[in-house]
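Down below is the structure, laid out as C-alpha cells.
The values are calculated or read from the model by the stated rules, or taken from the named source; none is laboratory data. Please read these numbers as outputs of a predicted model, since none were measured by experiment. Positions of Cβ are backbone-derived with ideal geometry, glycine not excepted, and every protein chain shown enters the neighbour counts. Ligands, DNA and RNA are excluded from the accessible area calculation, which covers all protein heavy atoms including side chains. Shrake-Rupley method; radii C 1.70, N 1.55, O 1.52, S 1.80 Å.
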Amino acid sequence: MPHVGHVLAIVAAILWGLTYCLDEEVLEGLSVAKLYFLHCATGMVVAGALLLGGGEASGAVFRFDAGKTSPGLLTLTLATATGAALAILWSIRLLGAGPSAVLEISYPLFVALFSVLFFHGRIQVPVLVGGVFIFIGAAIIVTST
C-alpha cells in the first residue's frame, strides 16, 4: 500500500501539471504580476482557513520558536519560493507550459546538491544518477523542439 506522502506527491504533480497548462492559457490575457497576485491571494485565503480550522490564532502566524525556526531562514525560503514562482510564470509566458515544465522538473538534482552544500545532507548514488538523468532528459527534450 502506498504511503500517504507518496500519494500526496503524485497529486501535487498532477495539479502542477494542470496548473502549468491553465497558467499558459490565462497568461494570454493577464500579466505575470496579476496572475501571481491572484495565486497569492488564493493561497492567503486557503492558508487562513487552514490556520483557523487548526485552532491557531491569527497572531500565531507571526510568532516563531527560535529553537525551531530562524527568521533569517524563513525569510530566505519565502524569497526563494517567490523567485521560483515568478520565474516559472515568466517562463511559461515566454516558452509555453511544456518546455517550462520540462526544464523546471530538473529541480531534484538541485535539491540534492543544495542539501549537501548547505545542510550537511548526503547524496545517495541512485538519487544523483536519477537527478542527472532527469536533467539530461530535460535538455534533450528542450533542445529537440
Checklist entry - Where residues in segment 1-44 are hydroxyl-bearing (S, T, Y) and in contact (Cβ under 8 Å) with a residue 24 or more places away in the chain, which of them is surrounded by the most Cβ atoms within 10 Å (Cβ to Cβ)? => result Y20
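What about V111, is it out of contact with any Phe, Trp or Tyr (no Cβ under 7 Å at 6 or more places or on another chain), at pLDDT below 85 and closer than 15 Å to E24 by Cβ?
On the way: out of contact with any Phe, Trp or Tyr (no Cβ under 7 Å at 6 or more places or on another chain): yes; at pLDDT below 85: yes; closer than 15 Å to E24 by Cβ: no.
Spelling it out, it is not the case that V111 is out of contact with any Phe, Trp or Tyr (no Cβ under 7 Å at 6 or more places or on another chain), at pLDDT below 85 and closer than 15 Å to E24 by Cβ.
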Checklist outcome for this item: Residue hits (segment 93-104; hydrophobic (A, V, I, L, M, F, W, C) and open to solvent by 80 Å² or more (accessible area, probe 1.4 Å)) are L94, L95
Next on the checklist: For a quick check of your reading of the model, give me the residue pairs whose first member lies in segment 81-94 and is of a type in the set (K, R), whose second is at pLDDT 95 or above and outside any helix (DSSP H, G or I), with beta-carbon atoms closer than 6 Å and at least 6 apart or on different chains.
Outcome noted: R93/L27
Checklist entry - Mind checking which residues of segment 45-92 are open to solvent by less than 50 Å² (accessible area, probe 1.4 Å) and at pLDDT 90 or above? => result G83, A85, I88, L89, S91, I92
Checklist entry - Failed condition for R93, given (1) within 16 Å of the chain's Cα centre (by Cα); (2) under 25 Å from K34 (Cβ atoms), with all others met? => result (1)
